[in-house]
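Read the structure below first, then the notes.
The values are calculated or read from the model by the stated rules, or taken from the named source; none is laboratory data. Keep in mind that what you see is a predicted model, and the values were worked out from it rather than measured. Cβ atoms come from the backbone with ideal geometry, glycine included; neighbour counts cover every protein chain shown.
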């Protein structure tokens, strides 16, 4: 059986999905894509994304993109949380399509039906049995990521070992270490859930409370990692962080606070930066003008963002791809924008060539070579988001503080 994983191109998930497929978002111990592929091992798969992402995805995953195999296909919504769904649903052997609040979750169908759906997004094209499922299994809004990230059963241990001599607050069996180095004077607290650390380095005086996941190559530098935190590969973390996701290749290496937030790839956050996640009024927080239903909610930071020292970001704010921040961030910031609230508000467009060069420099620090597909993706996002900058009056001029 072939898996066809599609991105439903939901604008509510921007800016996070401007540079990645929705199935690449992280939750708990892995991305949605990895959760899905682990659930269906030994199956071929293809990805179905926005047209401007095709070359980037082909280079990254080495699979068919926006192309289908012949024969029977299991079509999967890329916004799906596989670990939650597969506890409720057993995949049938006959044709079917499964809806959740009128949105397609899964369909077992032939190539012709799948092609028609991907073009029209109409479920009437399917000829199999119609099924429906109550509950919430899809990421539809940015805050859904934080809601789902709070579920203990998405922090799945891997095959690892226990290190002798470690002091653990709670049950040692909930500590899962894979080729990890831990310095003395580290507190590991498993009372509330699993701690999973894979090929990372934990420096002295760090505090790590489960459930949480720390991926390979990451260094925890005396940080306070609170429950429901997922940190991707090759990141540097030295702040206090709670109920948040750091996607990968990002730095929050110094003191500060990140709460109930999502930080994209190749982000650098300067010392003393604080992302607020609670209003003075204890009221519900809005994101893009929509009620989130949450009293605690931080910010959603797109890929390649750079944040200067001492920056303060207010609740529920979004920051677009390749933007730079200075001072107090009291509103959403579009992609490719230098935003400053120091000595008066300024919004100046980030030069495309400069953004590409900055990405190249940061990648080189992780010994990664920037590809032509990386550059092309940034170019596409720059032009796609141009209307947002024009609408907000972002100026085209040289930036200075």
For this session: Just give me the residues in the range 26-54 being farther than 27 Å from residue 261 by Cβ, outside any loop (DSSP other than H, G, I, E, B) and touching a strand residue (DSSP E or B) at 6+ places or on another chain (Cβ under 8 Å), in sequence order.
Result: 45, 46, 48, 54
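Can you pull out the strands (runs of 3 or more DSSP E) entirely within the range 251-349 that have at least 2 residues that are assigned by TED's automatic domain parsing to the domain that holds residue 219 and within 19 Å of the chain's Cα centre (by Cα)? Give the derivation first.
On the way: elements: 257-259, 324-326, 337-340, 346-349.
Here the list reads 257-259.
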Problem set entry | Among (1) surrounded by fewer than 18 Cβ atoms within 10 Å (Cβ to Cβ); (2) closer than 27 Å to residue 195 by Cβ; (3) under 19 Å from the mean Cα position of the chain (by Cα) - the single one residue 143 does not satisfy | (1)
Problem set entry | Single residue of 228, 185, 205 found to be within 22 Å of residue 20 (Cβ to Cβ), assigned by TED's automatic domain parsing to the domain that holds residue 378 and either surrounded by fewer than 19 Cβ atoms within 10 Å (Cβ to Cβ) or in contact with a helix residue (DSSP H, G or I) (Cβ under 6 Å, 6 or more places away or on another chain) (or both) | 228
Exercise. So residue 9 fits all but one of (1) closer than 18 Å to residue 262 by Cα; (2) not in a helix (DSSP H, G or I); what number is the exception?
Worked result: (1)
For this session: Could you check, for the range 342-360, whether at least one of its residues is touching a strand residue (DSSP E or B) at 6+ places or on another chain (Cβ under 6 Å) and exposed (fewer than 14 other Cβ atoms within 10 Å of the Cβ)?
Result: yes
Seminar exercise, completed: Of (1) in contact (Cβ under 8 Å) with a residue 40 or more places away in the chain; (2) assigned to a strand (DSSP E or B), residue 23 fails just (2)
Seminar exercise, completed: Note on the range 353-401: residues at positive phi and touching a residue at least 24 places away in the same chain (Cβ under 8 Å) are 393
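Kindly indicate whether residue 117 is at pLDDT 95 or above and in contact with a helix residue (DSSP H, G or I) (Cβ under 7 Å, 6 or more places away or on another chain).
Values: at pLDDT 95 or above: yes; in contact with a helix residue (DSSP H, G or I) (Cβ under 7 Å, 6 or more places away or on another chain): yes.
When the stated conditions are applied, residue 117 passes them.
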Seminar exercise, completed: When the range 182-208 is checked residue by residue, the ones that are in contact with a strand residue (DSSP E or B) (Cβ under 8 Å, 6 or more places away or on another chain) and within 18 Å of residue 256 (Cβ to Cβ) are 203, 206, 207, 208
For this session: Select from the range 169-182 the residues that are closer than 16 Å to residue 156 by Cβ and surrounded by 13 or more Cβ atoms within 10 Å (Cβ to Cβ) and list them in ascending order.
Result: 174, 175, 176, 177, 178
